[in-house]
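*Asks:* After the C-alpha cells below, expect a handful of questions from me.
The values are calculated or read from the model by the stated rules, or taken from the named source; none is laboratory data. Note that this is a predicted model, so its numbers are computed, not measured. Cβ placement follows ideal geometry from the backbone for every residue including glycine, while neighbour counts extend to all protein chains displayed. Each accessible area value is taken on the protein alone, full model and side chains, heavy atoms only, with ligands, DNA and RNA left out. Shrake-Rupley method; radii C 1.70, N 1.55, O 1.52, S 1.80 Å.
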Amino acid sequence: MNYKLRLGFLPVIVVLLLALLQGTSLAQQPSPDLPPEKANQFLELLSDPELKAWLERKIPAATDEPGLPISEDILRLEGGVRARIGALGAAIPRLPEELSRAAEIVSRDVNSGRPGLVMGILAVLIAVGFGAEWAVRRALAATRSAVAQEDAGQAILFETVALLTFALASAGSFLALGWPPLLRRIILTLLLAFIAFRVVRAAAQLLFAYGGATSAPSDRPTPLFESEASTRFWRWRVSLVAGFLLFGWAIASLMPGLGFSQEVAELAAFLFGLGILATAIDVVWQRPDGRGSLVKQSFLTLFLIVLWGAWVAGLLGVLWLGIFALVLPTALRGVGAAAQAFAGRSKRSGAMGVVLNVLIVRGARAAVIAAAVAWLAYIWRIRAASLAGSETGGFLITGLLNGIIILLIADLLWQLSKALIEYQMNLAADGSSADQLARSGRLRTLLPIFRNALAVFIAAVTVLTILAGLGVQILPLIAGAGIFGIAIGFGSQTLVKDVLSGVFYMMDDAFRVGEYIQSGSYKGTVESFSLRSVRLRHHRGPVYTVPFGELGAVQNMSRDWVIDKMMINITYDSDVDLARKLIKKIGQELAADPEFAADTIEPLKMQGIDSFGEYAIVLRIKLTTKPGTQFGIKRRAYMMIKAAFAENGIKMAVPTVHVESGGETAAAAHQATQTLKKSKAPLEAVRDTP
C-alpha cells in the first residue's frame, strides 16, 4: 500500500519541482533538518537542462483551470516542441567537451592507438568487394550475348549478381575475423551504409536506362529521360540524397556509442538533413525538364524549409505527411506505369490473366499507399507515446489510418469484380453458336445489374466499416436504414412493383439485351436495363423507356427460330408442278449460299396450293431461319422466284377487268347504263337544292 501511495504522489512531486524551476515560491518552508549542502546539490541537479527537458516531456505542465481536451493536447504539443528545441540549444555548448571525449574513446577502444585504423580497414574491405565484383562482371560479360544486353530483365539480374558479390565479399571478409565489439559495430554500420548507397545508385541507373515507355512488349524499353544531361542531373541528385541520408543515419546511430549525448547526435542528423534540403531546393530551381513558374518554385522551396523545421521540432507526423504529399503522387504514377508495363508483358490469358493484371497494377499502387499509411501509423504511435497524447486523438488517428486501408481493400475488390464482369461480357459477345449467343444475351442482361448491386454493396459495407473503426455505433444506422427502406416501400408502390416485376422478368429469362420484343404498343430491340425500366430501340429509331410494371405479356421475336409464310399468285393456266420444283431449287440454292447458309434452318419450299382465288391460284411457301434473318432471305427469294417463273413461262396473276363488245350483250349493257344515269338524276337535283 505504501508503494502505491508513493507512486500516486510522484506526479504531484514532479509538478511541484517544475514550479520551483519556473521561479514560483512555495508557501511551505524547507525543513530545518535538511543540510544546506545537500539542498544545493539537489537544486543544481534540477537545474540541469537535460533533466528539466526530460521532466517536461514526461509530465505535462500544471494548469490552474482544466481546459478542453483539444487545448490540453495543443499545450502538451507546444510544451514538447519547446522542450526539444531547448534541449538542442543546450547541447551546442557541450559539443567541444563531447568531441574530446569521443576522440579519447575512438583512440582507446577503436583505433587502439593507431590513427586511421577504421578508415584503413574500411578501405581494404571495399577494395576486396570491388575486386570480387570485377571478376564476376568479367565472367558474366563473357557469357552474355549482345541481345541479352538490350534486355531489361537481364540487365537487372546482371546488376543484382554483381552487387550481391560485392556485399558478400566485403562483409564476409570482415566477419571472418575477430574484432573488438565497438570497432566491429562501427565498421559494419559504415559498410552497410556504403552497400545501401551502391544499391540505390544501381536502382536509379537501371530506372533511368529502362524506365521509359515501350510501343510493344517485345521492344527494348527506351530511357526514362530523352537527353543525357537530364540523366546525369538526376543521377547526381539521387546519389547526393542517398549519401546524405545513409551516411548521416550511420554516423548519427554510432555517436551515442562513442560518448555523445542524444541531443548532439540529433544535431549531427539535422546537419546531414541540411544537405538533403539543399539538394531538394537545387532540384526545384535547376531541374532540366521544366522548372515551372516562379511562384510554384518559391512555394516548394518554402514548403521544403518548413518540413526541415518540422523535423527539428520533432513533429515527425507533419514531416512525413509533407514528404508523402510531395513524393506519393509521382511514386504512384511511376509504380502504376511500371506495373502496367510488367502486366502487359505477362503471357497469362483468360480470367486468371485478368485477375493477375488487376492485382499487379492496382495492388502495386495499394501497396505503396499502405506502406505510407503503415509508416505514418508507426510514427504517430511513437509520437503519441513520447508526448503522452490523449486517448481520443490516438483512437481517431488509428481509425482514420484503418479507414484508408479499408478503402484500398474495397477499391481492389471492386476493380477485380468489375474486370471479371467485363471479361465475361466480352467473352460472351464472341460466341457464334446458338447456345453461346443465348448465354451471351443472358450475361449481357444480368451482369450489369449484378455489377451495380455489387458496387452499392461494397460501398455500403466500406462506409459502415470505416464508421465502426472511428467509434461510431453502426447498429442504429442499420436499423434506421431498414425502417427507411420499409417506409419507401409503402410510399412507393409503383416503384416497388417495377423493381419486383423486373426481378421476375430476369428470373423467367423473358428477354435479353439485343433481342427484339413487343409488348402492347411498345416494340423494339432491348438496349439496356435499370432497376425499374427497360430501354427499347424501335427499328425506325425511336427509343422507348418502359417501366417493368407496364410491360405485361411480352412477345419475344428473337428466340430459337422463326417461320415465315409467303403467298404467291399464279394464273390458272400455269404449271403448278413446275412452280413447285423451281421453288424447291431456289430454296436449295439459298441454303447453299455462304451469305445465308448459317442462318437457314430449313430451306425454302412450297407447301402446296393454299386456295383457288377469283383470278389466281394461291401457292403457300414456307421458310425457317434464325430470328431476325428471315427478311433478307425472303427478299432474295422473291427476286429469284420472279426471274425463274419468267424464264419458264409461269405468269404471276394480277386482278383484271374483262369487257366484251357487240350483239345483244352490248345493247343490254348500254340500256343498263342509261337506266342508272336516270336513277341518279333526282338525287343530284336534291343535293344541289339549297
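*Asks:* Starting from region 612-629, take each residue that is touching a residue at least 12 places away in the same chain (Cβ under 8 Å) and closer than 30 Å to Ser558 by Cα and list its partners that are assigned to a strand (DSSP E or B) and aromatic (Phe, Trp, Tyr), counting only C-beta distances under 7 angstrom and pairs at least six apart or across chains.
*Replies:* Gly628/Tyr516
*Asks:* Run down Ala103, Ala87 and say which single residue is in contact with an Asp or Glu (Cβ under 7 Å, 6 or more places away or on another chain) and either assigned to a helix (DSSP H, G or I) or open to solvent by 60 Å² or more (accessible area, probe 1.4 Å) (or both).
*Replies:* Matching residue, one of Ala103, Ala87: Ala87.
*Asks:* Go through region 617-640 and give me each residue that's open to solvent by less than 30 Å² (accessible area, probe 1.4 Å) and either among the charged types (D, E, K, R) or touching an Asp or Glu at 6+ places or on another chain (Cβ under 6 Å) (or both).
*Replies:* Val618, Leu623, Thr624, Thr625, Gln630
*Asks:* Sticking with this structure for a sec: Applying the selection to region 260-306, what residues are without any contact (Cβ under 8 Å) to a residue 12 or more places away in the chain and over 30 Å from Pro93 (Cα atoms)?
*Replies:* The answer is Gly290, Arg291, Gly292, Ser293, Leu294, Val295, Lys296, Ser298, Phe299.
*Asks:* Considering Val312, Val368, Val358, which residue is of a type in the set (A, V, I, L, M, F, W, C), modelled with pLDDT of 70 or more and within 25 Å of Ile421 (Cβ to Cβ)?
*Replies:* Step by step, each of Val312, Val368, Val358 is checked, and only Val358 is of a type in the set (A, V, I, L, M, F, W, C), modelled with pLDDT of 70 or more and within 25 Å of Ile421 (Cβ to Cβ).
*Asks:* Then there is this: Check whether at least one residue in region 338-351 is at pLDDT 75 or above and open to solvent by 50 Å² or more (accessible area, probe 1.4 Å), and report yes or no.
*Replies:* no
*Asks:* Let me confirm something: among Phe299, Phe244, Phe272, which residue is more than 23 Å from Ala204 (Cβ to Cβ), part of a helix (DSSP H, G or I) and open to solvent by 50 Å² or more (accessible area, probe 1.4 Å)?
*Replies:* Only one candidate passes the filter, namely Phe299.
*Asks:* Hey, another quick one. Exactly one of (1) without any contact (Cβ under 8 Å) to a residue 40 or more places away in the chain; (2) part of a loop (DSSP other than H, G, I, E, B) is unmet by Val238. Its number?
*Replies:* (2)
*Asks:* In the list Ala193, Ala169, Ala209, which residue meets the criterion of being modelled with pLDDT of 75 or more, under 40 Å from the mean Cα position of the chain (by Cα) and open to solvent by less than 80 Å² (accessible area, probe 1.4 Å)?
*Replies:* The conditions single out Ala193.
*Asks:* Can you work out which of the residues in region 504-518 that are crowded, with 16+ Cβ neighbours inside 10 Å and under 34 Å from the mean Cα position of the chain (by Cα) is modelled with the lowest pLDDT?
*Replies:* If we take residues in region 504-518 being crowded, with 16+ Cβ neighbours inside 10 Å and under 34 Å from the mean Cα position of the chain (by Cα), then Met506 is modelled with the lowest pLDDT.
*Asks:* Right, here's the next one. Restricting to region 537-576, count the residues that are open to solvent by 60 Å² or more (accessible area, probe 1.4 Å) and among the polar types (S, T, N, Q).
*Replies:* Residues that pass the stated criteria total 2.
*Asks:* Looking at Lys678, Lys651 in this structure, which one is more than 27 Å from Ile563 (Cβ to Cβ), surrounded by fewer than 10 Cβ atoms within 10 Å (Cβ to Cβ), at pLDDT below 90 and among the charged types (D, E, K, R)?
*Replies:* From the options Lys678, Lys651, the qualifying one is Lys678.
For (1) at pLDDT below 85; (2) open to solvent by 30 Å² or more (accessible area, probe 1.4 Å); (3) under 26 Å from Pro655 (Cα atoms), each residue gets a yes or a no:
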site	(1), (2), (3)
Ala591	no, yes, no
Glu595	no, yes, no
Asp599	yes, yes, no
Pro603	no, yes, no
Ile609	no, yes, yes
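*Asks:* Also: So for region 221-233 (the condition being at pLDDT 85 or above and among the basic types (Lys, Arg)), does at least one residue qualify?
*Replies:* no
*Asks:* Could you list all residues from region 520-531 that are closer than 17 Å to Ala553 by Cβ, of a type in the set (Gly, Ala, Ser) and in contact with a strand residue (DSSP E or B) (Cβ under 7 Å, 6 or more places away or on another chain)?
*Replies:* Within region 520-531, Gly524 is the sole residue that qualifies.
*Asks:* Mind counting the residues in region 489-503 that are modelled with pLDDT of 65 or more and loosely packed, with under 11 Cβ neighbours inside 10 Å?
*Replies:* Residues meeting the conditions: 2.
*Asks:* If we scan region 466-483, do we find a residue that is within 23 Å of Phe548 (Cβ to Cβ) and modelled with pLDDT under 80?
*Replies:* Checking region 466-483: not a single residue is within 23 Å of Phe548 (Cβ to Cβ) and modelled with pLDDT under 80.
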